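The values are calculated or read from the model by the stated rules, or taken from the named source; none is laboratory data. Everything numeric in this text was worked out from a predicted model, so none of it was measured. Note: ideal-geometry Cβ built from the backbone for every residue, glycine included; neighbour counts use all protein chains shown.
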Amino acid sequence: MNSKHLWNYLAVAAVLLMPALGQTAPAVPPGAADAIAVGLPGGEGESIIASDSAPEPASEGDEQSISASFSVLKLPGTLPLNTLWVAFLLEPGTGVISDRLELSLDDTSTNNAFFTLTLFSDPSVSAEPCPNAQQCATEDGTMQNMTNFLLSAGVPFGEFFEFIQPVNIYAFSDADASVPEPGTLTLLVLGLLGFGFGRRELT
């Protein structure tokens, strides 16, 4: 295979793969300063999205929050009520806490488990360092999947999926600067290079 065909194949692969990179995350509501979302794996059928268009508080400790309640299917049996999973979003650059995400199991029925998801912006622990790297994600200006960052007594929320229908938990906080995902940027560069080399060898 000559170099022209190789670059052309890379260009086509880049164009085809780029839409798939972010397909699991729901879109950030227009004008939102903060947002949370709950969805089934694969990004299909998001059941609820909540957002806040107000600017983030100017002073530390002036906490504001957004919440969403939802239910998922569960297996028969008793679940530990009032379990609380917590994750944090960090400021890019400084690495200090910007937002706190809480997920609580509030109630159960025979077939359902009922949860409340809350995002606290500028919480009381704001400007402090991350307490546990496993439950902290750096803001990147997108709707971020926080499912694996939510911990309760060191146990991630995902380990709870043997009892309930799996879900994805998303959070968005308006970062100072949105940085493209490395994978997306790489594919874009490969695509442009491929088309460029292909056109140059044709002339």
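Of the conditions (1) loosely packed, with under 13 Cβ neighbours inside 10 Å; (2) within 18 Å of residue 52 (Cβ to Cβ), residue 102 fails just one. Which one is it?
(1)
Considering only residues of segment 128-155 that are closer than 13 Å to residue 88 by Cα and free of Cβ contacts under 8 Å to residues at least 24 places away in the same chain, which is farthest from the chain's Cα centre (by Cα)?
132
Quick one: which residue in 166, 92 is closer than 20 Å to residue 37 by Cβ, under 18 Å from the mean Cα position of the chain (by Cα) and of a type outside the set (A, V, I, L, M)?
166
Please pick out the residue among 94, 110, 83, 78 that is modelled with pLDDT of 90 or more and either closer than 15 Å to residue 171 by Cα or not hydrophobic (A, V, I, L, M, F, W, C) (or both).
Numbers: 94 fails: modelled with pLDDT of 90 or more; 110 fails: modelled with pLDDT of 90 or more; 78 fails: modelled with pLDDT of 90 or more.
None of the others qualify; the one that does is 83.
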